Amino acid sequence: QVQLVESGGGLVQPGGSLRLSCAASGSISSDTSMGWYRQAPGKQRELVARITSDGSAYYVDFVRGRFTVSRDNAKNTVSLQMNSLKPEDTAVYYCRARRIGISDYWGQGIQVTVSS
């Protein structure tokens, strides 16, 4: 069993920055893929970024160049640095730890609001 807890959300003005962190209880398996998703009211939950155990990162088009995902396996954490934030980035952000065919864990979600 893995528990994921997100932190670092809040209110920020357009063009500003926030850094989200996700802390996992216990150690994370070396083959675990960590991901960030978001869901706005009335919209489907969508992938934002993911990072594999070897540090390979993937970003969807609408955040590429603005967001950076990283992980620290020794500390069992994954982070999402969000720069140049836009109102369209407003959503609840979720952390995910996935081992395909083995396990799939989600955090409780944390609110990010981009508004002037």
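Just so it is clear, none of the values below were taken in a lab; they were calculated from the coordinates. The structure presented is a predicted model; accordingly, all values stated were derived computationally and were not measured. Note that each Cβ is placed from the backbone with ideal geometry, even for glycine, and that neighbours are counted across all protein chains shown.
Numerical summary
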item	result
Estimated dipole of the chain in Debye, rounded to 20 [Cβ of Lys and Arg +1, of Asp and Glu -1, Cα centre]	60
Separation in nanometres of the label points that stand 7 Å from Cα toward Cβ, at SER25 and TRP106	1.8
Normalised contact order of the chain, rounded percent, pairs of Cα under 8 Å and 6 or more residues apart	36
Using a Förster distance of 22 Å, the FRET efficiency for SER70-LEU47 (Cβ separation, nearest 0.05)	0.85
Summed side-chain charge close to ARG96 - residues other than ARG96 whose Cβ falls under 14 Å, Lys, Arg +1, Asp, Glu -1	+3
